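Report on the structure given below.
The values are calculated or read from the model by the stated rules, or taken from the named source; none is laboratory data. As the structure is a computational prediction, the values presented were derived from the model and not from experiment. No Cβ is skipped: glycine too gets one built from the backbone with ideal geometry, and neighbour counts run over all protein chains shown. Just so you know, the surface numbers come from the protein's heavy atoms only, side chains and all, with ligands and any DNA or RNA stripped out. Shrake-Rupley method; radii C 1.70, N 1.55, O 1.52, S 1.80 Å.
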Amino acid sequence: MESEVQEQARAQQKLRLWFALPVLILLVIIGAGLPWAAAQFQQPERWSHRVVQKYPHDAEAFTQGLVVHNGMLIEGTGHFGKSRLQQIDLETGNVIKSVALPQQYFGEGIAIANGELFQLTWKNRVAFVYNPDTLEYLRTERYSGEGWGLTFDGQHLIMSDGSAVLRFYDPKTFRVVRRVTVHDGRKTIDKLNELEFIQGEVWANVWYSDEVVRIDPADGRVLGLVDLKGLKPPSLLLDRDAVYNGIAWSGEDRRLFVTGKNWPVLYEIECVK
């Protein structure tokens, strides 16, 4: 009789273990996922800025793209009939060389990749390729959708189109190799505009915002925000189109430049954590 009771007790214990096993497995899965979840919902860092220097900037330039090349500023501008690509003396703001786009093209972001300068167009679905030293036209590349911002991470050209998606292009074939959706762990971040690749991160102007987002190119997660509030010239505060747009990083001397559309000033800034 006693052995029969013991046998029943062992059977009930096994049954309880079988019922408990799925719960234990679920707890292990949840526990393993907690670090990932914490990373996804981690609040982005918030940085402010300090103005280091101010430089003159062409107030007629509807800035769409900005890069530093061999100590010189190269700027791409927009508007139908007014779009240009120009080399600029950074210190004086004087235009050294300028190339006009045909009137039917609205110029957008620019980037240098593998010794070639790429300039997007807004809705024409073409990118013009130049020699960055002479601005000599080399060829035309085609893509789908709109072109907004452009940068180069050392391997791929990264393009924004006003959405929350960044497209990564092979600069040799101009084919998309991958995409990431930009998000802060809670929501996607759209209206991504001018781009710059800075120390392993994609920095992006957000259209109609005075904040720059710092993006992890691996998964699109927003790592931080840089507050540029206060830089917009007082004379342009009521001009809705004179938005923050233009980020240029000089990696050799670690200098960061920002401006906006039709701004009369280019700022060199430092980020303050």
Global geometry of region 130-184, whether rounded, prolate or oblate, following the gyration tensor of its Cα atoms and the 1.5 cut on a/c:
prolate
Report the label-to-label distance for Asp190 and Met72 in nanometres (one decimal), using points 7 Å from each Cα along the Cα→Cβ vector.
3.9 nm
So the carbon and sulfur contribution to the accessible area of region 195-240, 1.4 Å probe, in percent, is 55 percent
Greater than 32 Å separation of Cα atoms is the criterion. Which listed pairs, Lys54/Lys191; Lys172/Lys232; Lys123/Lys273; Lys187/Lys232, meet it?
Lys172/Lys232; Lys123/Lys273
Run through region 136-234 and list the GluC sites (Glu not before Pro) located in a DSSP loop whose Cβ has at most 11 other Cβ atoms within 10 Å.
Glu136
Once both label points are put 7 Å beyond Cα along the C-beta direction, the Leu223-Lys273 separation in nm becomes 1.1 nm
When the dipole is taken about the Cα centre of region 107-219, and only Lys, Arg (+1) and Asp, Glu (-1) are charged at their Cβ, what size is it in debye, to the nearest 20?
540 debye
Within a Cβ distance under 10 Å of Thr151, other residues only, what is the Lys/Arg minus Asp/Glu net charge?
-3
Name the trypsin sites (Lys or Arg not before Pro) in region 103-212 that are in a loop by DSSP and that have at most 14 other C-beta atoms within 10 Å, would you?
Lys123, Arg125, Lys172, Arg186, Lys187
Could you pull out the chymotrypsin sites (Phe, Trp or Tyr not before Pro) across region 184-219 that fall in loop regions by DSSP (anything but H, G, I, E, B) with no more than 11 other Cβ atoms inside 10 Å?
Tyr208
In order through region 57-69: 3J(HN,Hα) via Karplus (6.51 cos²θ - 1.76 cosθ + 1.60), integer Hz, x for Gly, Pro:
9, 5, 5, 8, 8, 7, 4, 10, x, 8, 9, 9, 9
Can you sort His69, His79 by solvent-accessible area, 1.4 Å probe, largest first?
His79, His69
